[in-house]
1. Using a 1.4 Å probe on the protein heavy atoms, what percent of the accessible area of the chain belongs to carbon and sulfur?
2. Any idea of the accessible area per residue across the chain, 1.4 Å probe, to the nearest Å²?
3. Angle between the Cα long axis of helix 45-60 and the longest principal axis of the chain, 0 to 90 degrees, nearest 10?
4. Got a sec? Charge dipole of the chain, +1 on Cβ for Lys and Arg, -1 for Asp and Glu; which of Leu68, Ala58, Ala36 is way out at the positive end?
5. What ³J(HN,Hα) values, in whole Hz, does the Karplus curve 6.51 cos²θ - 1.76 cosθ + 1.60 give for the stretch 25-36 when θ = phi - 60°, with x put for Gly and Pro?
6. Tell me which label goes with the value of Rg and Dmax of the Cα atoms in Å computed from the coordinates here: (1) 22.0, 66; (2) 11.7, 42; (3) 11.7, 34.
7. Rounded to the nearest 10 Å², what accessible area does Met63 show when all protein chains are kept and the probe is 1.4 Å?
8. At 222 nm, what helix-only mean residue ellipticity would the chain give, in deg cm²/dmol to the nearest 500, using -39500 (n - 2.57) for each DSSP H run of four or more?
Amino acid sequence: MLILSRKKGQSIMLNHNIEIVISAVEGDQVKIGINAPSEVHVLRKEIYLAVQESNREAAETKMDLAELRKLTLPNKLEK
């Protein structure tokens, strides 16, 4: 892990196209801004971990083919 010291207004560049800017330091809280291309997904770690867990649970869910058809095909009886 690389550890750097930065002051308010200073930044760090990643991979030539991602800039991390220190926007404020208030007590023990640091506010950062991230400038990145739209195709770069930026998530807080707790959100990233929740998405990973949700994906893991979805991959483990077993559903029979008849149930899947009910969810994806229009029901002709409802017309």
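The values are calculated or read from the model by the stated rules, or taken from the named source; none is laboratory data. Keep in mind that this is a model prediction, so the values were computed, not measured. Note that each Cβ is placed from the backbone with ideal geometry, even for glycine, and that neighbours are counted across all protein chains shown. When the accessible area is computed, the model is the full protein with side chains, heavy atoms only, and any ligands, DNA or RNA have been set aside. Shrake-Rupley method; radii C 1.70, N 1.55, O 1.52, S 1.80 Å.
1. Numbers: 4180 of 7630 Å².
C and S atoms contribute 55 percent here.
2. Working: 7630 Å² over 79 residues.
Normalised by residue count, the accessible surface of the chain is 97 Å².
3. Tilt of helix 45-60: around 20 degrees.
4. Ala36
5. 10, 10, x, 9, 10, 10, 9, 10, x, 10, 9, 8
6. Recomputing Rg and Dmax of the Cα atoms in Å here gives the entry labelled (1).
7. 100 Å²
8. Numbers: 2 runs with 24 residues, N = 79.
Rounded to the nearest 500, the figure is -9500 deg cm²/dmol.
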